[in-house]
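The structure appears below as structure tokens.
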Amino acid sequence: MGTNIRRSSLNSPLYLFIMNKVLPFENDGPRADAIEKVTGRAKYAAEHRVENMAYGVFVCSTITKGTILSIDEGPARASEGVLDILSFKNCPVTPGYESLLADGSKNGKQWWGLKVLYDNVIRFYGQPVALVVADSLEKANAAAQLLTIQYQPEAFETDFHLAKKDQTKLKSSGNYTRGNTTVLDTAFAKVEGEFNIPVEVHSPLELQATIAVWEGEDQLTVYDKTQGPKSLQGALSRLFAIPDKNVRVIVNYVGGAFGNALRGWHNVPAACIAAKKLKRPVKVVLTRPQMFNLTGYRPQSWQQITLGASAEGIFTGIIHHAVSMTARYEDFREGIVNASRFLYACENVQTSYKLLPLDVSVPTWMRGPGEASGCFALESSIDELSYLLKMDPVELRLKNFAEINPESKLPWSSNYLKECYEKGKELIGWKNRSLRPGEKKEEGMLMGYGMANGVFGASRGQASVRAILIADGSLTLESAVSDMGPGTGTAMIKIAAENLKWPIEKIKFVLGDSQLPPGPTQGGSTTTSTLGTAVHLVCEELKKSLKELAVTHLEEFKNADSTSIEVKNGAVFLNEKSALINILFSRSNKTAIEITKDSQGTSAQELKHATHSFSSHFVKVHVHPKTMEIKIKEVVTTADAGKIISENTARSQMLGGVVWGIGMALKEELLLDHKTGQILNANFAGYRVPIHTDIPKTTVWFVNKPDPIINPIGAKGLGEIALIGLAAAISNAVYNATGKRIRDLPITPEKLGYKNK
Ligand code: MOS
């Protein structure tokens, strides 16, 4: 429990009690779902009880590439309680699979990727090859042991570094050039480095789970762990060629997701297909080992950066090349080189990105997708350059501050990085940092400070919110989104409370059901901006309605100019006169007001501004001079995410990013055995994530200034920038302490030169 509870509990108030260093902001409301979560009343996908439920478990491939020759099902079929065994031999083909509709291929959106139990081809180690369904989980598990599968193995390739040597295996995924980077040949100071990041996995507490319930042939209800109830609804309707309205997706709570529940994985179609075939509900929950490669991961990557500057420290050129792994059956690409094009002012920039298809399952978005990897390389390189120039790394960044976005040439909607620098330096005690590495000691330890930045696009999509106000002043807001943990409901309630000057206790936010008005998929740090805008708009509309009702139905408000009417605290006010909502409703013969409002998305082009969130992380480390053990002593993490809506939950997001950054920098690495293609550490004993003793005193600071452009609420995004840049900040601190630049994550004592004799 000690390890895997961490990431999801970061978002819960329990965490605040566990870590007494971390106290809630004053005057900030509690998490709306706090009681449900800490009492265990919150129901996660797998916890729903459905009558007559059957249980499906996957049997997964023990080879990495090849074909299935035969499956001997005899003993398993005869095993007690077994209802069916689905494999490529008998798995019904859905209409969507057959026509490729399910992938939404026409609009280029891939949803299901590999079709589950569809053919006898093995594409990666651990691919589901059969689903054993029984009337209890224990019986399904027991029977799953009894399948005998014969394979015809083929040669495979899982070794990223080995395969990468052959340039012909790489698929180009975009080049970018501005100016002329040959100026780097004559740069006053130049650094060049290669960076490697291994496969990292999301490791949420909640396992991926689906319960599929059919009514008749064409009515489907699915309890699923998903970041996007509406997008899953659409994908399922295409898969079974039934109307959207016939599919209901319910996701009341999500126990951490971080990108791995942005799409549906094998458990979803498998449960739905089995339930349809058996005419009874089927539940499929992935096991912890299966979570390591059946729900995506951050792809292994290689990057090369060349960065040059003039004697004054002005960047003269940046070249950033990257290669990341993908599956052979599906491409996954992310913005790994993007930040190098716009985070700093530089006239000459060249980037390239290539994919390396291997015999692995497909990677996916994982917190800070692209930039988390890219900023490790970029921000490490800038740090390295600062030592060459004998310049403070913050000073160097300030010298190259981008006044506008140099790629799009658009002005920033807001960019308060400079304030982050100031505050970060002050709070971490930057003045104690030595300009020369390996020079300072404290308590017998090598001591160092490092910093690095993060950036991620802030965008705003389409959303719809319904508001229902009843006579006692209770307001319910509804939208078909899920909350993977950041506290979406809490934040939306705060937006409404502030807009309407309504007490927080009177407002409820209902989410997690695809039947609600369509809401966005939760991902890419966009929910607060997107959904919050719709909440804002519906509240504006609600105020308008209340004022109109007052003018029409209240004697005392007759003929008043509606602009002089104020709505607050569950009442309408006109100068000294006021009326509670229940009076207003009874006079106008109403029991409720219901309003649904759409908010359209918008793009940087439409806004004529570049919209991004920024973070700057400051780290102090100790490194043991003999064992080279790294102890992070303190982290100060600062962010410009526009206006902070809900301080407690925003702070928890940032703390989660710090914990994850420590994992990324010092611990996390999925290991493959390239002889067999097997994962060596698909468990929390072997795949290390931070534990409590790894987490230092952490201070979170927000600029907290509203962005005037992106939306009417002023909030940008937060989730991604909490992590992006942290691994570099830690690596830079380790360099400052030891003089050793580690470009291959994770940074370990061995890589720092410790030899276990
Ligand atoms: Mo995410 S990678 O924004 O779910």
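The values are calculated or read from the model by the stated rules, or taken from the named source; none is laboratory data. Note that the coordinates shown come from a computational prediction; the quantities given were computed from them, not determined experimentally. Virtual Cβ from ideal backbone geometry, glycine too; neighbours counted across all protein chains shown. SASA here: full protein model, heavy atoms, side chains in, ligands and nucleic acids out. Shrake-Rupley method; radii C 1.70, N 1.55, O 1.52, S 1.80 Å.
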Please specify each residue of segment 288-308 satisfying the condition of being open to solvent by 10 Å² or more (accessible area, probe 1.4 Å) and more than 21 Å from the chain's Cα centre (by Cα). Trp302, Gln304, Thr306
Check whether at least one residue in segment 492-508 is in contact with a Ser or Thr (Cβ under 6 Å, 6 or more places away or on another chain) and among the hydrophobic types (A, V, I, L, M, F, W, C), and report yes or no. no
Restricting attention to segment 347-379, report how many residues are open to solvent by 10 Å² or more (accessible area, probe 1.4 Å), closer than 21 Å to Leu396 by Cβ and of a type outside the set (Asp, Glu). 2
Selected residue (only one of Lys390, Lys418, Lys425 is away from the ligand (no atom under 16 Å from the Cβ) and part of a loop (DSSP other than H, G, I, E, B)): Lys390
Matching residues in segment 511-566 - criterion: being in contact with a Phe, Trp or Tyr (Cβ under 7 Å, 6 or more places away or on another chain) and open to solvent by 10 Å² or more (accessible area, probe 1.4 Å): Gly523, Ser525, Val551, Glu566
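Conditions tested, residue by residue: (1) crowded, with 24+ Cβ neighbours inside 10 Å; (2) among the basic types (Lys, Arg); (3) in contact with a strand residue (DSSP E or B) (Cβ under 9 Å, 6 or more places away or on another chain).
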{"site": "Val621", "(1), (2), (3)": "yes, no, yes"}
{"site": "Lys633", "(1), (2), (3)": "no, yes, yes"}
{"site": "Lys643", "(1), (2), (3)": "no, yes, yes"}
{"site": "Leu655", "(1), (2), (3)": "no, no, yes"}
{"site": "Leu670", "(1), (2), (3)": "no, no, yes"}
{"site": "His674", "(1), (2), (3)": "no, no, no"}
{"site": "Asp694", "(1), (2), (3)": "no, no, yes"}
Here is a check on your reading of the model: is Ala235 touching a residue at least 24 places away in the same chain (Cβ under 8 Å), in contact with a Cys (Cβ under 6 Å, 6 or more places away or on another chain) and either aliphatic (A, V, I, L, M) or open to solvent by 10 Å² or more (accessible area, probe 1.4 Å) (or both)? no
Any idea which of (1) crowded, with 23+ Cβ neighbours inside 10 Å; (2) out of contact with any Asp or Glu (no Cβ under 9 Å at 6 or more places or on another chain); (3) among the small types (Gly, Ala, Ser) is the one Ala311 doesn't satisfy? (1)
Pull up segment 440-471, narrow it to residues that are among the hydroxyl-bearing types (Ser, Thr, Tyr) and outside any loop (DSSP other than H, G, I, E, B), then point me to the one that is surrounded by the fewest Cβ atoms within 10 Å (Cβ to Cβ). Ser464
Criterion first (within 16 Å of the ligand (Cβ to nearest atom), of a type outside the set (Ser, Thr, Tyr), in contact with a strand residue (DSSP E or B) (Cβ under 7 Å, 6 or more places away or on another chain) and not in a strand (DSSP E or B)) does Pro486 satisfy it? no
Would you please list the contacts, defined by Cβ atoms under 7 Å and residues six or more apart or on different chains, that run from a residue in segment 704-726 that is open to solvent by less than 10 Å² (accessible area, probe 1.4 Å) and assigned to a strand (DSSP E or B) to a residue that is among the basic types (Lys, Arg) and away from the ligand (no atom under 16 Å from the Cβ)? Ala715/Lys643
Which count do you get for residues in segment 727-757 that are open to solvent by less than 10 Å² (accessible area, probe 1.4 Å) and closer than 11 Å to Phe376 by Cα? 7
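A quick yes/no check of all residues on (1) away from the ligand (no atom under 16 Å from the Cβ); (2) farther than 21 Å from Ile493 by Cβ; (3) not in a helix (DSSP H, G or I):
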residue	(1), (2), (3)
Thr528	no, no, no
Val535	yes, no, no
Cys539	yes, no, no
Lys544	yes, no, no
Thr552	yes, yes, no
Glu556	yes, yes, no
Asn559	yes, yes, yes
Val567	yes, no, yes
Tell me, which residue of segment 172-193 that is open to solvent by less than 60 Å² (accessible area, probe 1.4 Å) and part of a helix (DSSP H, G or I) is farthest from Leu745 (Cα to Cα)? Val183
Would you point out the residue of segment 603-614, among those that are out of contact with any Cys (no Cβ under 7 Å at 6 or more places or on another chain) and open to solvent by less than 10 Å² (accessible area, probe 1.4 Å), that is farthest from Trp430 (Cα to Cα)? Ala610
